[in-house]
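Visitor: Encoded as structure tokens, here's the structure I'll be asking about.
Laboratory data are not the source of any read-out in this text; all were calculated from the coordinates shown. Just so you know, these numbers come straight off a predicted model, no measurement behind them. Here Cβ is always computed from backbone atoms with ideal geometry, including for glycine, and neighbour counts include all displayed protein chains.
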Amino acid sequence: MTPEALAALHAQGFSTPRPWSAAEIAGLLASPGCFLLGADSAFLIGRCVLDEAELLTLVTAPAARRQGRARALLDGFLAEARARGAARAFLEVAADNVAARALYAAAGWQEDGRRRGYYQGPDGQKTDAILLSRPL
């Protein structure tokens, strides 16, 4: 998928935090250690640096949700991070993203902290970021 197609899909899945632009996605994918998994209706961008992996974004098109795509991508992220030598994985998720938080909890991610008012939605409302991690 092109950065433009990825950005369009990202916009379908996110309003808080704001969707990423094609330029932001292209920049990330060109940076060292970043990788893309998925296509068409769901994708994930991750990054590995030394022995740490970070899940940067995971999005599924609304019409393709609840079909196991996000879980398969998450499993793929963990496998790719291990293959790249990571020992621990990190991510952050909006506190009000109940579905994502349930997915991560079911996959063994644990809460490490919170960034108060980290995300700002289109209506100006602020939402906390929940910091999660898990060993690999």
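Visitor: Over 17 Å, how big is the tail of the calculated P(r) for the chain, in percent of all Cα pairs?
Guide: Distances greater than 17 Å cover 59 percent of the Cα pairs.
Visitor: Let me ask something additional. Order 118-124, 56-62, 104-110 from most to least packed using the mean count of other Cβ atoms within 10 Å.
Guide: Per-residue mean Cβ counts within 10 Å order the peptides as 56-62, 104-110, 118-124.
Visitor: Let me ask something else about it. With the crude spin-label approximation of a point 7 Å out along Cα→Cβ, what separation in nm comes out for residue 134 versus residue 31?
Guide: Output for this residue pair reads 2.3 nm.
Visitor: In debye, nearest 20: dipole of the chain around its Cα centre with unit charges on the Cβ of K, R (+) and D, E (-)?
Guide: 260
Visitor: Another question, then. Among 45, 108, 59, whose Cα lies farthest out toward the positive end of the dipole of segment 3-135, if unit charges sit on the beta carbon of Lys, Arg (+1) and Asp, Glu (-1)?
Guide: Of the options given, the answer is 108.
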